[in-house]
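The values are calculated or read from the model by the stated rules, or taken from the named source; none is laboratory data. None of the values given here were measured: they were computed from a predicted structure. Glycine also receives a Cβ, built like all others from the backbone with ideal geometry; neighbour counts cover every protein chain displayed. Only protein heavy atoms, including side chains, enter the accessible area calculation; ligands, DNA and RNA are left aside. Shrake-Rupley method; radii C 1.70, N 1.55, O 1.52, S 1.80 Å.
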Amino acid sequence: MSTHHGVLSHQNLLKLLSGITAGGMELYAPRKTGQKVFFDHITDVREIAFDPLPTTESPKALLFPRVERLLSFARDGESMRVDDRCADLMPRRVLFGTRPCDAVALQRLAEFFADGIEDMFVGKRREQLVVISLSCAVADADCFCTSAGSGPGDGTGSDILLTASGGERYDMEVLTDRGREVLATFAGLWDEGSPADTSGYLAVVEPLPALAGFGAKLAGAFASTVWKDASLRCLGCGACAYVCPLCSCFDIEDEGTPSKGSRLRCWDSCGFSLFTLHTSGHNPRPTQTERWRQRVMHKFSYMPARFGHAGCVGCGRCSRACPADMNLREQITMLDAGIALQSAP
Amino acid sequence: MSALQVQAGELLASGKAEVVIGYGEGTRGRVRPVFVRTRADVSLLVFDGRCTANLTVYLAKPEVGRMGKAAIVATPGAVRSLIQLIAEHQVDPGEVVVLAADDDAVTLLTDPAALEAYAAAHPVTIPPEAKAVTESLARMSAQERRAFWDAELSRCFKCYACRSACALCYCTRCITDMNQPQWVCVAPHALGVMEWHLNRAMHMAGRCVQCGSCTSACPAGIPIGLLAMEASRSVEKEFGAQAGLRCDAPPALSSFAADDRESFIL
């Protein structure tokens, strides 16, 4: 469909979101707990946090939960009964308050899970998810979306994009039929508009020039010595991977007894020492050096080669979350320079 | 040049240390761990109120171990964790030199007696916000406390930053990573999360030095250090044993005295 334009006041936006919850659709939006912000199930729209920066945890769990039951099994006399999870029962959800980088990430994450054999759980959740994003008026020192294939006013992956345009008012872009469908119920709350230039209301994001040729350089940098110093302070936790909107590694765990239990899919992280530990005891990634290299290679070399885009949208969450200040912007700049230096004739 | 930089430079120049593990300027006004190997690089070292992460955690990393004998910039909490690591035979006191830093003073500690004297004279400061939560928890009923932890732990996605940032979580294979048999639910659902944190608290009981690194490391802002802290306080109350004060202290919960007042011991 062609993009439809509208104008909406902040007050009416809250009414619209209240209407969504009242109408029986599940609403997820940022909510503040202490200093951290999470996408939570919202029943009272007054709880929504309109913080200018991306949330602490990404909205990834809305498509790819940190743990989900794939099937359960139980012994039934001589036979074993297996109950498959039914993806058809997944409810329609509205996700509000995603930033453009989040929406781009949701689209890339869905593409990843649809590659080859489609993952029906992720696919169905994406199908049922309506994404209403807010353009960014502010970026911080960890953001680099404009160098990672997106931008503060990018509508990719969103069904509706709102840009605060001064005076408690939003310029609204309705980008999909799904977005139009949701809005149809709330016709009185917004006015028709015309395409507006919102660029003056958007954040200025500091470019990350090193990212431009980074993937190509990485292709020849597997054996480089840059990784050791770069990863020395990495503690080997999974904070970066778990706040990342695009990290998609998982681990399948069987839980229960041989006669009754469940098969679960849980988030996993390449930063963990056990991630590649073989049954033999051999670990091809014995230290954080190899694990950090894998993280960077996967996002900026393997993903672009396979999908045509990086496994990173420049949201900056990993940099904000890292207890050892492994700042990704800085790492990319430093690794890029280090690799260039080593490969110079 | 600060006193810390001078001392670090002397240690590197004299060969008493091959690497100084300290704090340097990071991004966003934060400090970060730095590994200084040459005298020219000691200018990277800083120490101020932002330096709270416990750097002794790096002693267990093989790639750091291969850098040679280490000198470590240590807060009072880190000094205690080092003492505890020595008591648990994880660190040979001859293998590490300590630059104990507290406000403006830097003290070079090279033997167990000096470490113990320093720890005795420098109590660990508990941040006011942690104190406030502890006090409010103490006023709660068991049911309210359970509700508090259920809500806090609902944010935990098991990234194990708490474990990774803890100097005393040095197991090469943690109990939660065991799968044959599986002792703790690996999944990050409510039960799995609770099992993990209670296991860690019990494992830290009598060993936690209250450095606060686990709480600072948590990306979800959970005051997770309070569990181990409370478990350690119980051990202190029941057995009179405080972690991180003596290099030859037997572990409170894995040793026994034949003359113990409890009849069930023998």
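General observations
- Amide hydrogen neighbours beyond the local backbone of B:T75, cut-off 5 Å, H modeled: B:L55, B:A101
- Listing of the range A:231-277 residues, each with accessible area lower by at least 50 Å² in the full protein assembly than in the chain alone (probe 1.4 Å): A:L232, A:R233, A:L235, A:Y242, A:E253, A:E255, A:L274
- Using θ = phi - 60° and Karplus 6.51 cos²θ - 1.76 cosθ + 1.60, couplings along the range A:292-299 (whole Hz; Gly, Pro as x): 5, 4, 4, 4, 5, 4, 4, 6
- Using θ = phi - 60° and Karplus 6.51 cos²θ - 1.76 cosθ + 1.60, couplings along the range A:232-244 (whole Hz; Gly, Pro as x): 4, 8, 4, 7, x, 8, x, 4, 4, 5, 7, 8, 6
- Going from the isolated chain to the complete set of protein chains, the range B:197-240 loses at least 10 Å² of heavy-atom accessible area (1.4 Å probe) at B:A217, B:P219, B:A220, B:G221.
- Considering only alpha-carbon pairs that sit under 8 angstrom and 6 or more positions apart, the relative contact order computed for the range A:210-343 is 34 percent.
- For B:Y23, the residues whose amide H sits under 5 Å from its own are B:V34, B:V46, ignoring neighbours fewer than 5 places away on the same chain, with H placed 1.01 Å from N.
- Here chain B has an Rg and Dmax of 19.3, 62 Å, counting Cα atoms alone.
- Seen from all directions on average, the protein assembly as shown presents a Cα convex hull projection of 33.9 nm².
- Surrounding net charge for A:T163, when Lys and Arg each add one and Asp and Glu each subtract one, Cβ distance under 12 Å: -2
- In units of the compact-protein estimate 2.2 N^0.38 Å, the range A:210-343 shows a Cα radius of gyration of 1.15.
- Residue-count net charge about A:M326 - beta-carbon cut-off 9 Å; Lys, Arg +1, Asp, Glu -1: 0
- Viscosity 1.306 mPa s, 10 °C: Kirkwood-radius Stokes-Einstein D of the range A:48-194 over Cα pairs, µm²/s: 92
- Accessible area that becomes buried as B packs against A, both chains, 1.4 Å probe, Å², nearest 100: 3300
- Rounded to whole numbers, the Karplus 3J(HN,Hα) couplings from phi for the range A:272-279 are 6, 5, 7, 3, 10, 5, 7, 4 Hz, using 6.51 cos²θ - 1.76 cosθ + 1.60 with θ = phi - 60°, and x at Gly and Pro.
- Within chain B, B:C51, B:C156, B:C159, B:C171, B:C174, B:C185, B:C208, B:C211, B:C218, B:C247 have no other Cys Cβ under 4.7 Å of their Cβ and so lack a disulfide-compatible partner by this rule.
- For peptide A:27-37, the mean count of partner chain Cβ atoms within 10 Å of a residue's Cβ comes to 2.
- Overall dimensions of the range A:158-236, expressed as equivalent-ellipsoid semi-axes from the Cα gyration tensor (√(5λ), whole Å, largest first), are 45, 16, 14.
- Straight-line cross-link partners of B:K69 among the lysines, defined as a Cα under 27 Å from its Cα and at least 8 positions apart when in the same chain: A:K228, B:K16, B:K61.
- Gyration tensor verdict on chain A (Cα atoms; rounded if a/c is under 1.5, prolate if a/b is larger than b/c, oblate otherwise): oblate
- With 10 Å bins from 0: P(r) over the range B:28-183, alpha-carbon pairs, percent: 9, 30, 32, 21, 7, 0
- Dipole moment magnitude, nearest 20 debye, the protein assembly as shown about Cα centre, only Lys, Arg, Asp, Glu C-beta charged: 520
- Normalised alpha carbon radius of gyration of the range B:128-239 [divisor 2.2 N^0.38 Å]: 1.04
- Within-9-Å neighbourhood charge of A:T198 [Cβ basis; K, R +1; D, E -1]: -3
- Working note: Cα gyration tensor of the range A:136-196, eigenvalues times five, square-rooted, sorted largest first, giving semi-axes of 25, 15, 9 Å.
- Measuring nothing but protein heavy atoms, the accessible surface of the protein assembly as shown at 1.4 Å probe radius is 54 percent carbon and sulfur.
- Taken per residue, the accessible surface of the range A:4-205 reaches 44 Å², heavy atoms only and a 1.4 Å probe.
- Amide H contacts of A:R93 (H built 1.01 Å from N, under 5 Å, at least 5 apart or other chain): A:L129, A:V130
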